[in-house]
Amino acid sequence: MSENREHRGGGLVGASLLIGAGVIILLNNLGWLDWNVWDVLVGLWPLLLVAAGLDLLIGRRSLLGALVAAILVLGMFGGVIWYATTYPLPRTGEQQDVTYPLPDAEQAQIILDPAVGNVRVAGASDFGQLLQGTIFTQRGEHLIADFSEHGEEARLSLSSSGSFMMPFGVGLMAPNWDLKVSEDLPLALSVDFGAGDLDLDLANVQLERLDVDVGVGDVTVWLPRAGRYSANLEGAIGQLTVILPSGLEARIDTDTALGTVDVPGGFSRSEGVYVSPGYEGADNRVQLHVGLAIGQVVVRYGGR
């Protein structure tokens with residue numbers, strides 16, 4: 001019987017991916033590494049294809065080939081960790097000032113749809129505008145604005161489009177959407193983007209509904225103190241942090257695949273739903289849904 005010295009075992013790329021992702025998630029949860037490291041990983045996905053191709057081509061027949069593919073994957077994770085803890089690349093593009101006057105309508109809907117980047121939105125009162133601020137667009141990226149007013153409701157949509165490259169370390173950069181919204185009329189706010197960080201300071205906004213959908217990144221939301229409203233936060237990878245002001249009751253519906261959920265003590269719990277003691281019948285309350293595939297959900301009381 002002849003001896004077969006070929007490597008017939010499974011490849012090492014899959015195991016390396018699990019190990020690398022597990023280490024990064026552990027460092028995220030321990031607070032030693034920011035969640036915006038994942039936006040760098042997203043930008044390096046072609047390396048995963050190279051490693052997977054090497055694994056299929058030679059990794060199943062050669063132990064050396066499998067080791068090369070595994071080292072490539074683990075090296076990518078190590079390089080990302082190093083990169084995320086150093087200075088980001090300088091950004092290039094154009095800064096635009098945006099201003100939309102307060103409409104005659106009694107309520108407004110604001111839709112923000114940046115592709116990637118850091119978004120900061122804060123409420124402001126008595127400044128006579130529906131929205132005001134600055135938007136920094138990358139090379140090849142174009143800002144699209146649409147404003148309309150129909151009867152009692154105004155609608156403002158700001159989005160970016162075009163062919164541009166996502167900058168590595170986008171989560172480490174200064175906000176490229178830095179906006180103020182009116183606190184003087186009821187608002188429905190929607191934010192949808194692929195990768196980056198989002199900071200929403202809505203403590204004094206007359207919020208009717210909030211919808212947030214982020215692919216990869218950190219989301220921090222300061223909810224309003226008064227009113228009855230709903231908020232829906234969705235993410236793929238990262239951290240979703242919601243700060244409840246004192247006196248606001250909440251019903252929180254959580255949906256996570258691989259991650260942790262941290263909710264204040266005193267809430268009753270049933271199958272992923274948390275309810276504060278005074279929710280039923282409260283004048284100031286939020287119906288909150290938080291969905292996250294991988295990462296950490298944090299809900300806590302606090303104030304500014």
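Taken together, the values in this text are just the output of simple stated rules run on the coordinates, not laboratory data. Predicted, not measured: the structure shown is a model, and the values here were computed from it. Methodologically, a virtual Cβ is constructed for each residue, glycine included, from the backbone with ideal geometry; neighbour enumeration extends over all protein chains shown.
Take peptides 255-264, 177-186 and line them up by average Cβ neighbours within 10 Å, highest first, as a rough protection proxy.
Numbers: 255-264: 14.6, 177-186: 20.1.
Descending mean neighbour count gives 177-186, 255-264.
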Revision key, fill the gap. The answer for Ala154, listing residues at least 5 apart or on another chain whose modeled amide H is closer than 5 Å to its amide H, is Gln107, Ala108, Gln109
